[in-house]
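Single-structure report; data block below.
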Amino acid sequence: MALPFPFFDILDWFFTPAKPPRRRAWAGRRLCGLAGGIAGSSRAALRSDWSAVLAESPTDETVRTAMGMVVAALRLRASDIAKACWRPADHVLASRTLSNIVVAIPTVAVMVMLFRYQGCVGVLTNIESIAVVGAAFRGLIVLGRWWRAVAPPEREAPCRPPRRGS
């Protein structure tokens, strides 16, 4: 019965020196610097924390730890981009006028398209489709308000003139 590996290579494998730790530590420091650059200047404290963690980690783990820091920095930057993209959407969701415009524009566009190609009869025969377009956009507005926990300001009560007899 043969062994799954040559037995005489065990001594060579066991006594072979490992790669020098300098190279790994240098690569880890460079990756940590890259992660700090990706994270941005507003996170300088995080960069110093990452440098301290990298200094305390064993040399065998520096590259893996630094790669984790790069991934974390990329996730932080993606989170910043997502927050920036949600600002206009939150503004629309918080405004009754803008959300009504977002509902009205596609609905009117469908009506105009149907009127242009089929006339009044086309608009009347496809009124259900027009209503579905409006309802779908209205549903998206309601879902967005629920998802983002954004509410438009309360409506003010209409001013009534005083009664004559009182």
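Once the C-beta distance of ALA104 and SER48 is scaled by a Förster radius of 45 Å, the resulting FRET efficiency is 0.30 to the nearest 0.05.
Over all distinct Cα pairs, what is the inverse of the mean 1/r for the stretch 46-166, reported as the Kirkwood hydrodynamic radius in Å? Hydrodynamic radius (Kirkwood, Cα pairs) of the stretch 46-166 is 19.8 Å. With 0.36 nm allotted per residue and the present C-alpha distance subtracted, the ALA72-TYR117 stretch has 10.9 nm of extension available.
Note on surface exposure: THR59, THR125 rank THR125, THR59 by accessible area, highest first, 1.4 Å probe.
The values are calculated or read from the model by the stated rules, or taken from the named source; none is laboratory data. What you see is a predicted model; the values in this text were computed from it and never measured. Positions of Cβ are generated from backbone atoms using ideal geometry, with glycine treated the same way; all protein chains shown enter the neighbour counts. To get the accessible areas, we keep the full protein, side chains included, count just its heavy atoms, and leave off ligands, DNA and RNA. Shrake-Rupley method; radii C 1.70, N 1.55, O 1.52, S 1.80 Å.
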